[in-house]
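Worksheet: one structure, shown below.
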Amino acid sequence: RLQESRERLSVFSKLCYAVGGAPYQITGCALGFFLQIFLLDVAQVDAFYASIILFVGRAWDAITDPMVGFFISKSSWTCFGRLMPWIIFSTPFAVISYILIWFVPDISRGQVMWYLVFYCIFQTLVTCFHVPYSALTMFISREQSERDSATAYRMTVEVLGTVLGTAIQGQIVGKVDTPCIESPLFIGMTNSSVALEELNMTHDTGLLTDTRNAYMIAAGVIGGLYILCALILWAGVQEKRESSELQSDEPVSFFQGLKLVMNHGAYIKLIAGFLFTSLGFMLLEGNFALFCTYTLGFRNEFQNILLAIMLSATLTIPFWQWFLTRFGKKTAVYVGNTSAIPFLILVAVLDSNLIVTYIVAVAAGISVAAAFLLPWSMLPDVVDDFKLQHPSSHGHEAIFFSFYVFFTKFTSGVSLGISTLSLDFAGYQTRGCSQPSEVKFTLKLLVSAVPVGLILLGLLLFKLYPIDEEKRRKNKKALQDLRQESNSSSESDNTELASIV
């Protein structure tokens, strides 16, 4: 009891730790919901090149996760810890690159390369923040209950971060009407560079400039929040080396550790299940703004619909934390993800009705909360299970977290690139006030049928995941016994050495 009492985290520490998760979600939500429509309708990038930017950026983001995990595993401990320096030093450069993503350069050539380069730079720098922050879960306490509690705080703040990202980006940008062109002007025309140049010169140049300025203002506000959250994390959280390592541990190389991690069955099965369920929600996120604008016809309301989803998700995080504590994490996975399916089907089947859309959005936010909370709550259980099977190996926490993010990001990049490319094949008209019926049908598939299929596949794969509540309790007791044995051995060695001296 005394040992557990010493391991308990204060509410202040949990809150400061949780605030550190907000920057990744604020920027990720703004990019996820708005970057596609920004590239197509504001920066006026052709849909084909926009798909390349989105795919390459996400794919590069995925690649940087294991790279950063490798360098973190090689990092030495400092007076600030091993993970915290990565978080602090990457922050100012990440903010600069993020702001430049939303800037429209006054150049006729190289615009695609501009967005591609700064998107990749930002993804690299935000990875240098998020991978060590994710692994920090294992370094704040070695008590499962305290880590689960801190994770619940973190998920609540992260979902609140998505609300902030949606609200700041959506409300600032939503105050300005993005000019569009009526469809009859484009009958029989393609998105050729000549047509786009004529459009830029002759139609609503002033309004388009206001829209671009609004995106820059939103980027500046979000960048300021990014810096503030990083400072709170640094000031309020102490990274504890002994929280993750047993005193008898011997270091293992990165590639040996990677081989051990990838051969750990529970980890692979957890990744397989969450890979498809997360992919379904990410596909919905990436195309929802276009779906609301063109399929449902809510051009001036989509940012408020997104805000309703995120507010609902934020308010239901405590419910899911109680649910997984009461009924178990595997049960929460099934209930949380399955509850999203009827609403995803309903939003595609119903005609455009604003009130019904808001009701569906609030209900769908409940499932979004479960999708946010559960992966990060279950990964520490897999790490504990790994430690019991490999007690002499340590320092692999960053590998576990970074490769989970790697697989999720890479597949989401592929899906988002393919979805944007499919809109191009369906005949998407840049800056059109309306879109052809083929585009509307494609958007319905991308936010309804495809996510439902991915969620069902993920739930089928998740049946193979072996760590249930009974297994978690056994692992917790075994780890406590192992640590007590390690500490007792160390104390006896110190006593023997003292007697010899």
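The values are calculated or read from the model by the stated rules, or taken from the named source; none is laboratory data. Keep in mind it's a predicted model, so treat the numbers as computed, not measured. Note: ideal-geometry Cβ built from the backbone for every residue, glycine included; neighbour counts use all protein chains shown. Please note that ligands, DNA and RNA were not included when accessible areas were found on the heavy atoms of the full protein model with its side chains. Shrake-Rupley method; radii C 1.70, N 1.55, O 1.52, S 1.80 Å.
Just a few scattered comments:
- Rg and Dmax [Cα atoms of the range 334-455; Å; Rg one decimal, Dmax integer]: 19.3, 62
- Whether the range 65-144 is rounded, prolate or oblate, judged on the alpha carbon gyration tensor where a/c under 1.5 counts as rounded: prolate
- Inter-label distance for Ser76 and Phe48, nm, one decimal - labels placed 7 Å from Cα along Cα-to-Cβ: 5.3
- Across the range 1-72, Cα-Cα pairs more than 15 Å apart make up 72 percent of the total.
- Here Ile418 and Asn353 are evaluated by their C-beta separation; at R0 = 30 Å the FRET efficiency comes out at 0.50.
- Reduced Cα scattering model of the range 1-125, Debye log10 I(q)/I(0), q = 0.11, 0.18 Å⁻¹: -0.51, -1.04
- Gyration tensor (alpha-carbon) shape descriptor, the range 104-150, a/c threshold 1.5: prolate
- Relative intensity, log₁₀ I(q)/I(0), of the range 254-486 from a Debye sum that treats every alpha carbon as a point, q = 0.11, 0.13, 0.15 Å⁻¹: -0.63, -0.82, -1.01
- Considering every alpha-carbon pair of the range 411-458, the percent of pairs per 10 Å bin, from zero through the bin containing the longest distance, is 25, 50, 21, 4.
- All lysines inside 20 Å of Lys476 as judged from Cα atoms, apart from same-chain residues fewer than 8 positions distant: Lys240, Lys329, Lys330, Lys387
- Ordering of 419-427, 36-44 by burial proxy (mean other Cβ atoms within 10 Å per residue, highest first): 36-44, 419-427
- Gain upon complete extension [Met113, Thr325; 0.36 nm per residue less C-alpha separation]: 71.5 nm
- Under 17 Å from Lys74, Cα to Cα: lysines that are on another chain or at least 8 residues apart: Lys259
- Highest average packing first - 399-408, 472-481, 318-327, 89-98, Cβ atoms within 10 Å: 399-408, 89-98, 318-327, 472-481
- Annotation: per residue accessible area for the range 286-410 equals 34 Å², rounded to a whole number [probe 1.4 Å, protein chains only].
- Highest to lowest packing among 347-354, 332-339, 122-129, 440-447, scored as the average C-beta count within 10 Å: 122-129, 440-447, 332-339, 347-354
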